Each structure stands twice: as C-alpha cells, then as structure tokens.
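For reference, the structure is listed below as structure tokens.
The values are calculated or read from the model by the stated rules, or taken from the named source; none is laboratory data. Just so it is clear, the structure is predicted and the values come from calculations on it, not from any experiment. Glycine also receives a Cβ, built like all others from the backbone with ideal geometry; neighbour counts cover every protein chain displayed. For the accessible areas, the whole protein counts, side chains as well, though only heavy atoms, and no ligand, DNA or RNA atoms are used. Shrake-Rupley method; radii C 1.70, N 1.55, O 1.52, S 1.80 Å.
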Amino acid sequence: MTMKDIFEFADEIGPAKIVHISEPAVGLKAIVVIDNVATGPAIGGTRMAPDVSVEECVGLARAMTFKNAAASLPHGGAKSVILGNPAMPRSDKEVLIRAFACAIRDLTEYIPGPDMGTNETAMAWIRDEIGRAVGLPRELGGIPLDEIGATGFGLAIAAEVAEEFSGVKLRGATLAVQGFGAVGRHAAHYLAKKGTKLIAASDTKGAVFDANGLDIDELVKLKAEGKSVRELKGAKAIDADDLIGVECDIWLPAARPDVLREDNVDRLKARLVLQGANIPATAEAEKRMHARGILSVPDFIANAGGVITAAVEYHGGTERAAFDAIAEKIAANTRAVLEMAKTKHALPRDAAVELASSRVRRAMQLRRWHRA
Ligand code: NAD
C-alpha cells in the first residue's frame, strides 16, 4: 500500500492518525485509527479479530466519531484492532493486550474500550499498564454496561420520543426482537416497563412467537442457562428468518449488521424500527423503509447508551449518573434527528449524520489549525 492509498481514506474530518503497531517479541500486530479529536480524546473499542482491513477500521473509527458527537460527549472517535484469535488461551491474550497497552502509552488522545474479542478484564490489564481505559470491572470504578442494560435502556428512551413521529404508542404496542442478547433482552425489559408487549424474539438457533406476549424473565433464564429462546414453553417456534415478517408495531434488530436488506426489507410489517445493532440496515433498505413510512431510528442515535456510560465512567461518575445522562442525551438527540428528518423530508440516518458531522465541524472550528 502506498502513502497515497492511505490518504485515500482521509476526508476533512479524519482520520487524524493511523498507527501501525508491531512487537515481534510477543507476536503483536495491531492498528489504531484515531479519526477525530476535535471534541476531546477519542473513545473507541479495541477489537481482537484474526483479520480486519485498515479500511474497515477507518470506517469503525468514523462511526465512533459520529456516535460520540451525536451523544454530545466531550470525546472524539477511534478504533483499534489487535490481530489474533479471541479464543486464544487467557495467558497469551494477557501478554498481547498488555503489550498493546504499552505500545499506545504515548497515544494519549486514544482511550480504549471493550469490543468484539475483548472485555472488562482486558480493559483492566490496559488500565493497569497505562492508566486509561473505559469499560472497567466494578472493582476499578467501572459501570458494567451490559449488566445494567445501558443500551437497552437508551433504546426505550428513543422509542418514547419516536412515539409522536411514528404514531406508535408504547402502551399496548407489540415488539419483535432479533437477537435476544445483552442489548435485545434489556431493551425488551425497559420497553415492557413502558407498556409494550414482546411477542417475538430470536437468537442464532431460531425464534419464538406468541401474540399474547412472551415471558421475558423466562427467556432471560433460558439464555442464562445457555439455551435457545426456541425452548420457551407454550410459545410457537418459528424460523429465525421469519421474525422479519411478524405482524408487530416495533421491530428491534439487536444481532448483526446488514440484517435488513433490499431482498428482505419489504417483508417488514412494523411501523417503527429501533436500531439496537450497529448498521443493521443497508442504505437501500433504509430508503425503502422511509418510502413505506416506516420510521427507522438510526443506530448511533438510539444505541449510544453504552458509550454514554463509558464516558460517565471515565469522568468518575456513578451508575445513577449514567442512566440520567442516557435519558437526557438520547431523548434530546432522537428528537433533534427526527424533527430534522421530518422538516427536511430526509432519511433519519441522513439527518443523524448531518447533526453529528456539524457538531464535529463546529468543534474543529475551535481548534488551532482550522480553516476559517
Ligand atoms: P450479544 O452477543 O449479547 O447478543 C447478540 C444476540 O444475537 C445473541 O443472542 C445471538 O444469539 C443473537 N444472534 C446473532 N446472530 C443472529 C441472527 N442472525 N439472527 C438472530 N439472532 C442472532 O451482543 P450484544 O452486546 O447484545 O450486541 C448486539 C448488537 O448490538 C451488536 O451488533 C453490537 O455491536 C451492537 N451494540 C451493542 C452495544 C452494547 O452495549 N452491548 C452497544 C451498541 C451496539
């Protein structure tokens, strides 16, 4: 790859730095992409995966810039990838992660967080080496976001604001959740507190449906025992693929990217899509939903509860403060995006990108090297 190729990735927002890290003594190969730090030191996950392209890492770092700016956090966006099999023995993983931490010691504008293949223990190792990381264990002042359901809580707040834009009133609304994991189960729980009824849920093994409502606590218990949602007694087992066509008011993807595509999106019967997973819909699917009057609340607006919690943790805040910040920020940002989309007849995603990028640009104007 030439230098010109690397700069092909850059636009007026970033990336500010692409750092290649190699430590042959322990077999460490990693890259860090710091996209933009105009709003403050960048927070972004450290992923461990056998193969991720630089381009992908650049895209993930930009997504963090937008997510953090959209949530009005005093943090820019970044992402890092350590090349390796996340299932390697724990002792090997600790060596790699500690070596990675030492290599980024002087990259002080990057604050790592957990991502695919890393967890709160990995963040504790990094903090132990260099004094900074988010997503820490409770004993180190961490706020365990998957345990408290930070992202699910934020999704329920977004749904509440979306009521007046989508016409879906939460009290009595029916809900289908794709991916009954950390995000999906907490979203179902917090939405149920606002009066919605979970009628369908899926995981990798299949899906269940009951028009009278599924027992959320029973589903959580099954998942905790390592079983599939399909084993829920008294509910009808359906194909995971058929979840998309379930007659419901709210459809909540909380599993994988690109699950709503041109070839399947027209099967959706819901009026509101709450994007729990990252990039769950392709650009074409977003357009089709918009054309059919289905309101789709974009991922980095609706699922920012996790990163908001990480920022509160970084600044020494409590779990209570994290919930307050999520409620305030997600409500304000969902409203701002949906109002802009309505006024401009724009896709909610385009409105969200405009909101986030204009915040980043305004912050850039306040930096030393800006162009008037
Ligand atoms: P998780 O691993 O706890 O749960 C994912 C669930 O999805 C699992 O139950 C799995 O069985 C299921 N699943 C996977 N593929 C599926 C498929 N094809 N069909 C149906 N179910 C499927 O993960 P999570 O932490 O809940 O994250 C879910 C998504 O949300 C991911 O895309 C993640 O990047 C995104 N996200 C998570 C957070 C967070 O706070 N955890 C924050 C923002 C975004």
Report summary line: Of the accessible area of the chain, computed with a 1.4 Å probe and all protein chains kept, carbon and sulfur make up a percent value of 51
Query raised in the report: Accessible surface of residue 221 in the full protein assembly, 1.4 angstrom probe, to the nearest 10 Å²?
Result: 110
Report task. Please identify the helices of the chain, taking whole runs of DSSP H, that span at least 18 Å along their own axis as judged from the Cα atoms and have a mean Kyte-Doolittle score of -1.0 or higher. Result -> 54-70, 90-103, 150-166, 319-344, 348-365
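Are any of the pairs 221/287; 93/221; 233/287; 17/93; 29/221 more than 28 Å apart by Cα-Cα distance, and if so, which?
Among 221/287; 93/221; 233/287; 17/93; 29/221, the Cα-Cα distance tops 28 Å for 221/287; 93/221; 233/287; 29/221.
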**Report entry** Proximal aspartates and glutamates relative to residue 169, as straight alpha-carbon distance under 15 Å, when same-chain residues fewer than 8 apart are discounted
**Finding:** 160, 249
Report task. Based on the mean of other Cβ atoms within 10 Å per residue, sort peptides 230-236, 45-51 so the most packed one is first. Result -> 45-51, 230-236
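Leaving out ligands and nucleic acids, and using a 1.4 Å probe, what accessible area per residue does the chain come to in Å²?
Normalised by residue count, the accessible surface of the chain is 45 Å².
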Requested in this report: Express in Å², to the nearest 10, the accessible area of residue 1 obtained by rolling a 1.4 Å probe over the protein heavy atoms while all chains stay in place.
Outcome: 150
Query - the range 253-296 versus the range 162-213: alpha-carbon centroid distance in Å - result: 15
Report task. Starting from the alpha-carbon convex hull of the range 150-358, give the projected area averaged over all orientations, in nm². Result -> 11.2
Query raised in the report: Among 97, 216, 21, which one moves the most in a GNM of the chain with springs linking Cα atoms closer than 10 Å?
Result: 21
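What do you reckon, how do 314, 110 stack up by accessible area (1.4 Å probe), largest on top? Write down the numbers at each step before the final one.
Working: 314 90, 110 0 Å².
If we order 314, 110 from most to least accessible, we get 314, 110.
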Report task. Please list, or write none, the lysines whose alpha carbon is within less than 23 Å of the alpha carbon of residue 227, excluding same-chain residues fewer than 8 places away. Result -> 197, 205, 236
**Report entry** For the chain, with +1 on Lys and Arg beta carbons and -1 on Asp and Glu, the positive-most of 228, 275, 49 along the dipole
**Finding:** 275
Query raised in the report: If the convex hull of the alpha-carbon atoms of the chain is projected onto planes in all directions, what is the mean projected area in square nanometres?
Result: 19.1
Query raised in the report: What does the accessible area of residue 209 come to, in Å² to the nearest 10, when a probe of 1.4 Å is used?
Result: 60
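If you rank 139, 328, 286 by how much accessible surface each has, with a 1.4 Å probe, what is the order from largest down?
139, 328, 286
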